[in-house]
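The values are calculated or read from the model by the stated rules, or taken from the named source; none is laboratory data. Quick caveat, the model's predicted, so the values are computed rather than measured. Quick reminder, even Gly has a Cβ in these numbers, built from the backbone with ideal geometry, and neighbours come from all protein chains shown.
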Amino acid sequence: MKKNIFFHQVFRHGDRTPVEDETYPNDPYLHDDYHPLGKAQLTAKGKQRVYQLGQTLRTLYNDFLGDIYIPKNLVALSTGTTRTRMSLQLVAAALYPPKGPQVWNESLNWQPILTSYIPQDKDIFLKSFTCSEYLEEFKKVKELPDVKSEMEQFRPLMQNISAATGKEITTFYQLFLLSNGLTALAGLERPLPKWSEGIFPDGPLLDAVNFEYKIIFYNDKLKKLRSGRLLRNITDTMKDIVNGKPNYHPKMNLFSGHDQTVVALLAVLSDYVPHVPKFSSSVMVELLRRNDSYFVKARYYLGIPPTVADLKIPGCNVLCPFNEFMTLMKNFIASDEEMNCKIDV
C-alpha cells in the first residue's frame with residue numbers, strides 16, 4: 001500500500017482584471033480602473049475558482065492532511081502580487097475549514113491560516129526570472145535557423161496589431177501581454193476590441209503566445225535556468241525526507257504563483273505541449289512511500305475545467321521510483337551558482 005508523505009503544489013492565481021502592462025494607446029479601456037477592484041486584482045469569478053481548487057485538494061488529500069489545521073504541517077507561500085497573495089488565502093481557507101475545537105464562530109466556516117509572501121526582488125522560486133546566463137542562451141536560441149524561420153511567420157501579425165493598437169509590437173512577450181489582457185476582459189464579459197476578431201481566443205494570436213512558451217523553454221539549458229530553482233526547492237525537501245532529516249517536515253508546500261510558474265514545472269515533469277495554463281491551474285508533486293521504497297508522482301489540475309490528470313514524467317512511469325526521478329531531474333536542478341543568479345526585476 002502506497003502512502004503520501006509529502007506534497008508540493010504550485011498553482012496559478014485566479015481570474016483577474018487587466019494589468020497596466022496589457023494596455024495600449026488605442027485601448028478602449030485605457031482609463032478604466034475596474035472599480036471597485038482596480039487593475040491586476042482578483043475578480044469574484046477568480047476567487048470562486050481558486051476556492052474550488054482548495055476544495056479539490058481537500059478531496060484528493062483529505063486522509064493525508066487530516067481535519068485539523070496544524071501550522072507546522074503547511075508552508076503556504078506566494079509571490080508578492082496582491083492577486084497571488086489573495087489566491088493563496090482562498091485556497092488555504094477551502095483546504096482547512098475549521099473543525100471541532102478550531103470552530104470559533106458558528107456562523108463563519110473560516111479560520112485564519114498562516115501565509116507568507118516573497119518580495120519580488122528576493123523571489124528566486126516563484127516569480128519568472130531571467131539572469132545573464134539565461135539571456136545569453138535565449139539569444140542564441142532565437143538565432144537558430146528553425147526558430148528564426150518560425151518567428152518570421154508572425155511578423156505580419158505583429159504589424160497588423162501594431163497598426164490597430166497604436167503600439168509598436170516587436171516581441172512575442174508583447175503579444176503574450178495583449179492576449180492576457182483580452183483574456184481578462186473576456187472573463188469580465190466586456191466587449192472585446194474589434195482588432196481581436198479572428199485572432200482571439202483561438203487563431204494567430206494564440207499561436208504566437210504558444211510559440212513564446214515554446215522558445216523560453218526550448219532546450220534543457222533554458223529549462224534548467226528557468227525551472228531549476230523551484231525544482232531544487234522541491235527535490236531538496238524530498239531528499240531530506242528520504243534520508244531521514246530533518247526529523248519533522250511539513251506535509252504540504254503550497255505555492256501561489258503565475259502562469260509561467262506552473263509551466264516551469266510542466267516543462268520538466270511532463271512532455272509539455274506549449275500552452276498557457278488556465279487560471280487556478282496547478283502542478284502537484286507527491287512523494288509516496290511503499291514499505292521502504294519511495295516514489296514520485298506528478299499531477300496537473302487544469303483549472304478550466306476543474307479536472308486532474310496524471311503527468312508522465314519523461315523517461316519514467318507515472319509512479320516514478322525516487323532514485324530514478326532524481327537521476328532524470330539531475331540536468332534540470334539548479335546548482336549553487338545558478339541559485340545565486342541575479343534576478344531581473
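Some points to look at:
- If the condition is being outside any helix (DSSP H, G or I), more than 21 Å from PHE332 (Cβ to Cβ) and charged (D, E, K, R), then the stretch 113-162 contributes only GLU143.
- Every residue from the stretch 1-16 that is buried (at least 24 other Cβ atoms within 10 Å of the Cβ) and assigned to a loop (DSSP other than H, G, I, E, B): HIS13, GLY14, ASP15
- Screening ASP67 on (1) more than 18 Å from PRO305 (Cβ to Cβ); (2) touching a residue at least 40 places away in the same chain (Cβ under 8 Å); (3) of a type in the set (D, E, K, R) shows it passes everything except condition (2).
- Within the stretch 78-101, residues that are free of Cβ contacts under 8 Å to residues at least 40 places away in the same chain reach partners that are among the acidic types (Asp, Glu) with beta carbons closer than 8 Å, at six or more positions or on different chains, in the pairs LYS99/ASP67; GLY100/ASP67.
- Any pair with Cβ under 6 angstrom, 6 or more apart, that starts in the stretch 1-30 at a residue that is free of Cβ contacts under 8 Å to residues at least 60 places away in the same chain and ends at one that is of a type outside the set (A, V, I, L, M): GLU20/LYS39; LEU30/THR23
- Residue check, HIS275 modelled with pLDDT under 95 and in contact with a helix residue (DSSP H, G or I) (Cβ under 7 Å, 6 or more places away or on another chain): no
- Exclusive hit being in contact (Cβ under 8 Å) with a residue 40 or more places away in the chain and in contact with a helix residue (DSSP H, G or I) (Cβ under 7 Å, 6 or more places away or on another chain), set ALA267, ALA298: ALA267
- Here is the figure for the stretch 283-341: residues that are out of contact with any Leu (no Cβ under 8 Å at 6 or more places or on another chain) and either closer than 14 Å to VAL268 by Cβ or among the hydroxyl-bearing types (Ser, Thr, Tyr) (or both) total 10.
- One residue from LEU53, LEU37, LEU57, LEU30 being outside any helix (DSSP H, G or I) and in contact with a Phe, Trp or Tyr (Cβ under 9 Å, 6 or more places away or on another chain): LEU30
- Listed by position, the strands (runs of 3 or more DSSP E) enclosed by the stretch 254-345 include none that has at least 2 residues that are under 19 Å from the mean Cα position of the chain (by Cα) and under 19 Å from ILE216 (Cβ atoms).
- Restricting LYS214, LYS245, LYS239 to those that are out of contact with any Pro (no Cβ under 7 Å at 6 or more places or on another chain) and in a helix (DSSP H, G or I) reduces the list to LYS239.
- Which numbered condition PHE255 fails, given (1) among the aromatic types (Phe, Trp, Tyr); (2) surrounded by 22 or more Cβ atoms within 10 Å (Cβ to Cβ); (3) touching a Pro at 6+ places or on another chain (Cβ under 9 Å): (3)
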